Amino acid sequence: MLIDRYITRAQINSFLIVFVSLAGLTFVVDAFNNIEEFIAHAPEGGGLWRVLGRYYGFRLISFFDATSGVIALASAMFALSWLERHNELTALLAAGVTRWRIARPAIVFAGVVALVAATNREVVLPQIRHALEGNAQDLSGDAWQPFEARYDHRTEILFRGKQWRRSDGVIQEPSLLLPPSMAGVSAQVNAAEARWLPADASHPAGYLLVGVSEPAAIDGIPSLTLGGVTVIHTRQDSEWLAPGSCFVASDVSFEQLIGSSNWSLYSSTPDLVRAIGNPAIGVTADVPLRAHARLVQPILDLSLTILGLPLVVGPSRKGVFVAVGLSVALTALFLLTTLGCHALATSYVVSPSLGAWLPVLLLTPLTAWQAQPMWQ
């Protein structure tokens, strides 16, 4: 137990130092490049330091998600290399302590970090997803962004528009191209703006279009249905609508409609599974790939640490700097293998499930072979 506490304490200190150093360097460079935007937003954001703290505080959580596996390996390498540097590792081996016994606290710590990172992905990040949407050039969310046409695959309505704004979920000058089965009165619906509304007692989820210019006299047109389900609600059948407006029911949320990557990157696995089963979205291969990758990631994070430990505690262990250099090379190989498998899935060369699990199939045997000397 004394060995475990000693190594774990050293690894925690190393983890904090590496994490704070990397995050600090990354955020300082980013803040320096965008300092003018932060200063301009400071008066309405409550001061410069509050703006910086809020902006980078949320991104610190995202940074942990992106780097936890690599930093867990780095902290294990530094902690065990410190033992080697002061000849403590040699003393432990001479006392009959096995290499596996020495490496065990580092492996357990890496497993704990992997579980914390998985919890962070499933619980914390989905709750702060909206805080991570903007960048330094759009801190208030009021900047207009160009809108790219996107289908609602369930209703076959093509959503077009001029631009969108993140702060209030507004699409400017929307133009909806209707499918032939719904285009009896007009082939399209044009309006001044559209706004996403979640489902409530009076209507399903969808978009409220105000200032409708086409079709003319929208208030006198009956609601349009598709397969017996009302898709476009008009004032004639929905008294809650204001004059000159209509409501388009859609299961494609505003984030999904504007093509934001945050909804899938920071959604929980159950949300991703629901999105895959939603026919309106028409998800591409990256969404099921990400859902499978969520299950694989803790295994990969732990494997990465086990892959690097024999460089320090193995029978043919190297010097401190050589071991760190080799661990960097192993990490690069590990990440390139994972990214390559994911690229095959997003290019539809392999299925998303195989693309997510293929790194485990390729790297786990390598990890077992690399760690084998530690069991001797």
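Things worth noting here:
- Of the chymotrypsin sites (Phe, Trp or Tyr not before Pro) in the range 184-267, those whose Cβ has at most 15 other Cβ within 10 Å and which sit in DSSP loop: 240
- For the range 144-259, the Stokes-Einstein estimate of translational diffusion at 37 °C and a viscosity of 0.692 mPa s comes to 236 µm²/s, using the Kirkwood hydrodynamic radius over alpha-carbon pairs.
- Near residue 193, the amide H atoms lying under 5 Å from its own belong to 173, 210; only residues 5 or more places off or on other chains count, and H is placed 1.01 Å from N.
- Between the C-alpha center of the range 181-234 and that of the range 243-295 there is a gap of 22 Å.
- Span-like helix ranges in the chain, DSSP H, alpha carbon extent 27 angstrom or more, Kyte mean at least 1.6: 320-346
- Per the Debye formula on identical point scatterers at the alpha carbon atoms of the range 156-212, with no solvent, log10 I(q)/I(0) at q = 0.14, 0.16, 0.21 Å⁻¹ is -0.40, -0.52, -0.84.
- Judged by the mean number of other Cβ atoms found within 10 Å, the most tightly packed of the peptides 287-294, 339-346, 40-47 leads the ranking 287-294, 339-346, 40-47.
Values quoted throughout were computed directly from the atomic coordinates according to the rules given, and no laboratory measurement underlies them. Just so it is clear, the structure is predicted and the values come from calculations on it, not from any experiment. As a convention, Cβ positions derive from the backbone with ideal geometry for all residues, glycine included, and neighbour counts pool all protein chains shown.
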